[in-house]
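Reviewing the structure listed below.
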Amino acid sequence: MKIAVAIKQVPLRDSPLRVNAAGTWIDENNLSFEINEPDAYALEEALQLREKHGGEVIVISAGPTRVSQTIREALAKGADRGIHIETSSIDTFGIANLLATALRAESPDLILTGLQSDDLGYGQTGVILAELLGVPHSTIIMQVEIQPGKVRVKRELEDGWFQHIEMPLPAVLTIQSGLNKLRYATLMGIKKAKTKEIKVITSDGAAEVPQASVVIGKIYAPEKNKQGQIFDGDPKAAAATLVEKLRFEARVI
């Protein structure tokens, strides 16, 4: 069974984040990076499925040169080989298009991604990837059971409810964080990772990337200010005024 796992490199959680000079993204100079945590759970699920059913696990990631370090970390944990699509794009549709083109050549039986990224948090890459590949997909997966020619999954819904779905293979699943206990890379795994293949594809060779559909115009830290209002009158009238302001001015109810 061939399982592909799409992973993303994101800034280390404890990194000090500052807006760049253009105000369009964070300043990535002097930042440390790591694998996106939800993607780490997708990788762990893929490794456990391989242990049960055999086959291979391929990790694929799109990003600048530094992404190869994160791919090596995934290889050290047990993935068999990696694919690195070199690109500077952070547009979700563009990234999904690059991943889809590279994965068509691999024809995996199952594609796993994390539920969302820790930096942008769109939660769209896996769904768009499935649509581009023309395969069934499901999200917020809590359990995966491989059956002959199909996969049975358990989805997390709201208020403690779950949904069980069967889909034909190949399929794309976005994995919920906490599904499994993450493993650490062993010393032997780190040594083996140095010899495992990482196929490098330039974005020009991977696909014709469409013009970005989403462009970040400006990011900035929220302004800090303090405002206070005192409502006169009896408690009932003051409560009615408070509700009105929360509804129409603050827009929080």
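The values are calculated or read from the model by the stated rules, or taken from the named source; none is laboratory data. Predicted model only: the values in this text are computed from it and were never measured. All Cβ positions, glycine included, derive from the backbone under ideal geometry; neighbour counts span all protein chains shown.
Hey, can you tell me all the residues within segment 73-102 that are in a helix (DSSP H, G or I) and among the hydroxyl-bearing types (Ser, Thr, Tyr)?
Across segment 73-102, the qualifying residues are 92, 101.
Just to be sure before I move on: is residue 105 crowded, with 22+ Cβ neighbours inside 10 Å and either modelled with pLDDT of 95 or more or assigned to a helix (DSSP H, G or I) (or both) in the structure I sent?
When the stated conditions are applied, residue 105 does not pass them.
Looking only at segment 32-52, which residues are out of contact with any strand residue (DSSP E or B) (no Cβ under 8 Å at 6 or more places or on another chain) and either aromatic (Phe, Trp, Tyr) or farther than 11 Å from residue 79 by Cβ (or both)?
48, 51
Count, please, the residues in segment 73-92 that happen to be buried (at least 20 other Cβ atoms within 10 Å of the Cβ) and either closer than 20 Å to residue 171 by Cβ or not acidic (Asp, Glu) (or both).
Selection size over segment 73-92: 12.
For residues that are within 17 Å of residue 5 (Cα to Cα), among the hydrophobic types (A, V, I, L, M, F, W, C) and part of a loop (DSSP other than H, G, I, E, B), tally how many sit in segment 111-151.
2
Which condition number does residue 119 fail, the rest of (1) in contact (Cβ under 8 Å) with a residue 24 or more places away in the chain; (2) farther than 14 Å from residue 9 by Cα being met?
(2)
Given the criteria of a type in the set (A, V, I, L, M), within 18 Å of the chain's Cα centre (by Cα) and modelled with pLDDT of 95 or more, does residue 127 qualify?
yes
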